[in-house]
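Following: one structure in structure tokens, then a few remarks.
The values are calculated or read from the model by the stated rules, or taken from the named source; none is laboratory data. Keep in mind that what you see is a predicted model, and the values were worked out from it rather than measured. Backbone-built Cβ (ideal geometry, glycine too); neighbour counts: all protein chains shown.
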Amino acid sequence: MKTFMDWLANVFAPKAKKFTQMPAIAALSSAMQNLIPFILTGSVVFFYNVFRSYIPQLPDLTNISNYSFGMIGLVAAFMVGHQFMEKFRHPQYATTAGIVSICVLMMTLHPIGEKQGVYDLGRVGPTGILIGVLFGVAIGVIFHFYSKLNFLKNSSLPDFVANWINNIIPIFISLALFATFIFAFKIDVFQVILNLFEPIQNFGQSLPGLILLVLIPAFFYSMGISTWLWTALQNPIFIAGIAANALAVKSGSNAVNIVTNETVYSLGLIMMGGTGATLTLNLLMCFSRSTKLKTIGRICLGPSLFNINEPIVFSTPVVMNPILMIPMWLNSIIGSCVIWAVMRGGLLNIPASLMQVAQIPAPISSVIILQDFRAIIWYVLLFVVYLATWYPFFKVYEREVLQEETQLQPAV
């Protein structure tokens, strides 16, 4: 174990942190974080609609969702293109690259073949988030390489004229490239990309996919690397899944996609108290014989109830702690397997509407999102399971802390 921990601390963790600081990775992570307000705006409307279903006299706010979350593909395209320029230190192209990314995504709405005169606006919504991200990356790469040419750097032209030209050229190249495929060759680029990524999407909606999407962020989080890094990987799968569920229920079918943000985060069942189900660890600390652990536990209990566990993860610490890292990983696997089994077995509803409300305490959030009171039963059962997982590891760590506190006490 010592050799493994030394390797994690001295070899793997530094390389992982260096990877997360790469401009392209940082750009994707930042762009996904910038999407959150638009996603939450849609979530507020869906949350509001729960009450409207009981009070139909309330005004219909659906259009607010349609023009926030319903345009998330467009927003993603802009944010990725914009952040690529920011992270690659070409801020003068940031806004332009973002807008060109939107223009390219809009090109895919061009009617093709038998669809003459029909425009699929659904492509700029949740279905188009992956394509929006990829287009943003592509435009970012084009602008990045163009900027490295330093064209007109020492030109005698006025600065504003040079800036116009330096924007016109990459805009023209970007639009001409995609227009050639979409208009000249009549290729439905949008559908081609969806088909290419369909195996990944299908794997993401499987049990192994769920486990990996929960475990990988937990693994890196236990080394101090924020789970926000993985939103670029998770969001396309999560958003496509919940959008398909909502559409299925609206058409009279059943929701089938388990792997969504609602399942992983908002329900508070897999992430009970935060990544690794740390709420039960927090409660164990509140009743610890160690003064240090008891104090930290009571200070961090409030945030934990709202599924915010950075205070307890970094102050206990769980990060780079060879004893407490293991139950964080185990609970990520256990919670994923249990929720998958009960939802697939029909013992708990599958989320069917966008409600990213991870900071509402469970099981209140669980019942609201699922419209299923059985969520309370599974919350209690998982609480016991998570507690049992944390308990032996916590007691070992508590013993170490008590020994340290004893040694620090002045001799009488």
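Report those helices (runs of 4 or more DSSP H) wholly inside the stretch 203-309 carrying at least 1 residues which are touching a Phe, Trp or Tyr at 6+ places or on another chain (Cβ under 6 Å) and at pLDDT 95 or above.
Correct list: 207-221, 279-286.
If a residue has to be more than 17 Å from PHE145 (Cβ to Cβ) and of a type in the set (Val, Ile, Thr) to count, how many in the stretch 74-109 make the cut?
Total meeting the criteria: 5.
For VAL319, indicate whether it is surrounded by 16 or more Cβ atoms within 10 Å (Cβ to Cβ) and assigned to a helix (DSSP H, G or I).
Against the criterion (surrounded by 16 or more Cβ atoms within 10 Å (Cβ to Cβ) and assigned to a helix (DSSP H, G or I)), VAL319 does not qualify.
Out of all the residues in the stretch 324-345, is one or more within 15 Å of SER43 (Cβ to Cβ), assigned by TED's automatic domain parsing to the domain that holds ALA246 and within 20 Å of the chain's Cα centre (by Cα)?
Checking the stretch 324-345: not a single residue is within 15 Å of SER43 (Cβ to Cβ), assigned by TED's automatic domain parsing to the domain that holds ALA246 and within 20 Å of the chain's Cα centre (by Cα).
Among the numbered criteria (1) modelled with pLDDT of 95 or more; (2) within 22 Å of the chain's Cα centre (by Cα); (3) not basic (Lys, Arg), which single criterion is violated by ILE129?
With respect to (1) modelled with pLDDT of 95 or more; (2) within 22 Å of the chain's Cα centre (by Cα); (3) not basic (Lys, Arg), ILE129 is out only on (1).
Have a look at PHE172, PHE220, PHE197, PHE181 and point out the one that is surrounded by 14 or more Cβ atoms within 10 Å (Cβ to Cβ), without any contact (Cβ under 8 Å) to a residue 24 or more places away in the chain and among the aromatic types (Phe, Trp, Tyr).
Result: PHE181 is the single residue among PHE172, PHE220, PHE197, PHE181 that is surrounded by 14 or more Cβ atoms within 10 Å (Cβ to Cβ), without any contact (Cβ under 8 Å) to a residue 24 or more places away in the chain and among the aromatic types (Phe, Trp, Tyr).
Go through the stretch 373-412 residue by residue and tally those that are under 17 Å from PRO361 (Cα atoms) and not assigned by TED's automatic domain parsing to the domain that holds ILE334.
0
Do you know which of the residues in the stretch 341-392 that are of a type in the set (Phe, Trp, Tyr) and surrounded by 21 or more Cβ atoms within 10 Å (Cβ to Cβ) is nearest to SER206 (Cα to Cα)?
Among residues in the stretch 341-392 that are of a type in the set (Phe, Trp, Tyr) and surrounded by 21 or more Cβ atoms within 10 Å (Cβ to Cβ), the one nearest to SER206 (Cα to Cα) is TRP378.
Which one of THR62, THR41, THR96 is in contact with a Phe, Trp or Tyr (Cβ under 9 Å, 6 or more places away or on another chain), in the same structural domain as ALA184 (by TED's automatic domain parsing) and within 20 Å of ALA246 (Cα to Cα)?
Of the residues listed, the single one that is in contact with a Phe, Trp or Tyr (Cβ under 9 Å, 6 or more places away or on another chain), in the same structural domain as ALA184 (by TED's automatic domain parsing) and within 20 Å of ALA246 (Cα to Cα) is THR41.
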